[in-house]
1. Exactly one condition in (1) open to solvent by less than 70 Å² (accessible area, probe 1.4 Å); (2) of a type outside the set (Ser, Thr, Tyr); (3) not in a helix (DSSP H, G or I) is not met by Cys152; state its number.
2. Please work out which residue is farthest from Glu219 (Cα to Cα), limiting yourself to the range 52-63 and to residues that are open to solvent by 60 Å² or more (accessible area, probe 1.4 Å) and modelled with pLDDT under 85.
3. Please go through the range 216-225 and give me each residue that is of a type in the set (A, V, I, L, M, F, W, C) and either at positive phi or crowded, with 22+ Cβ neighbours inside 10 Å (or both), ordered by number.
4. Going by the conditions given, is Tyr124 free of Cβ contacts under 8 Å to residues at least 12 places away in the same chain, in a helix (DSSP H, G or I) and either within 23 Å of Asn207 (Cα to Cα) or out of contact with any Lys or Arg (no Cβ under 6 Å at 6 or more places or on another chain) (or both)?
5. Kindly indicate whether Tyr104 is out of contact with any helix residue (DSSP H, G or I) (no Cβ under 8 Å at 6 or more places or on another chain), without any contact (Cβ under 8 Å) to a residue 12 or more places away in the chain, open to solvent by 70 Å² or more (accessible area, probe 1.4 Å) and under 28 Å from Leu247 (Cβ atoms).
6. Among the residues of the range 109-121, write down those that are assigned to a helix (DSSP H, G or I) and either open to solvent by less than 60 Å² (accessible area, probe 1.4 Å) or at pLDDT below 85 (or both).
7. Criterion first (open to solvent by less than 80 Å² (accessible area, probe 1.4 Å) and not in a helix (DSSP H, G or I)) does Lys34 satisfy it?
8. Please give the number of the condition Glu208 fails out of (1) acidic (Asp, Glu); (2) free of Cβ contacts under 8 Å to residues at least 12 places away in the same chain; (3) crowded, with 20+ Cβ neighbours inside 10 Å.
Amino acid sequence: MQKKRIPLVSLIIVILGCLGVLVPVYWMVVTSFKSAGETFSIPPTLWPRKIDFGSYENVIENYNFLDFFKNSVIVVVLSTLFTLVVSTLAGYGASRFKFKGRSYFLGFVLVTQMFPSVIMLIPYFRILRLYGLINTYLGLIIVYISFQTPLCTWLMYSYFETIPKDLDSAASIDGLNKWGIFLRINVPLSLPGLASTAIYAFINSWNEFQFAMTLTTTESMKTVSVGIGQMIDDTMINWNDMMAASLLASIPLILVFLFCQNFFFAGLTSGSVKQ
C-alpha cells in the first residue's frame, strides 16, 4: 500500500504546484479581457461575460506602451548581447587558462552576487550623472551589463568546464590557434550554455524595475516594467489595463523561451553527471 501512495502524493504535489503557477497567469489573461465593472463584480466571474479589448486599446493609446516596449527591446537586447560576449570570454579564459589569482577572480565574481543590488543604486546614479548618462539607453545598458555579467560568467565557466580539454589539444595539433580553438571548437559546443545564459540575462533585464525607474526621468525613456508600475496611482489601481500590459509584456519572454527551450534544458542539465 505504501508504494501505491507515493506516486499519488507526488501527483497531487505536482498538480498543486502547477495550479499555483498557472492560476495567476489565467487570472491575468481573463482580467485583461473583462470590463472594469465585471472585474469588481461579486461573486467574481471565471470567464468574461463579453470579451472586451478596451484595456488593450487603452494601454496602447493612453500609456505610451509602444514607446515603453521599444525602450525595453533596445536596452535588453543590447545588454544581453554584450553580457553574453563578456561572460563567454571571461568564462572561457577562467576555464582554459591558468593564471595567477584565477581562484580569487572566480571567488570575487561569485561574492559580488551575495549583496543585494539595491545597495548599488545610489553609486550607479551618481556615476551616470557625472558622465551625463542619466536617462539614456547607454546608461541603462551599462548598468544591466554590470550586474548580469558576474553570474553569467560563472554559468559559462561551468559549461566550458564540461567540454573536454583534449579537444583543444587535438585542434592545436591540427593547426588552430587560440582564437580558432575558441571560435571553431568551443563556441559551437557551448551553444546550450550560451542559450541558457542568454535567457537568464534577457529575463532578468526585461523584468528589472528599480534601476530603470531611478535612472530614467522622462516618459519617452521608461521601460515596460516602469510603465506598468505607473498604472498604480494615488486613488486607484487600473487592474484591467495593468493585466493587459502585463500580458503584452510577457510575449517576448514567451517567444524567447519557446525558440531556445531545447538549448535551455540542455544547458541546465550540463555538468550534472561527472564524466
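The values are calculated or read from the model by the stated rules, or taken from the named source; none is laboratory data. The shown structure was predicted, so the numbers you read here are calculated from the model rather than taken from an experiment. Cβ sites come from the backbone with ideal geometry, for glycine too, and all protein chains shown count toward neighbours. Each accessible area value is taken on the protein alone, full model and side chains, heavy atoms only, with ligands, DNA and RNA left out. Shrake-Rupley method; radii C 1.70, N 1.55, O 1.52, S 1.80 Å.
1. (3)
2. Per the criteria, the residue is Glu61.
3. Scanning the range 216-225 gives a single hit, Val224.
4. no
5. no
6. Scanning the range 109-121 gives Val109, Leu110, Val111, Thr112, Gln113, Met114, Ser117, Val118, Leu121.
7. Taking the combined requirement at face value, the residue satisfies it.
8. (2)
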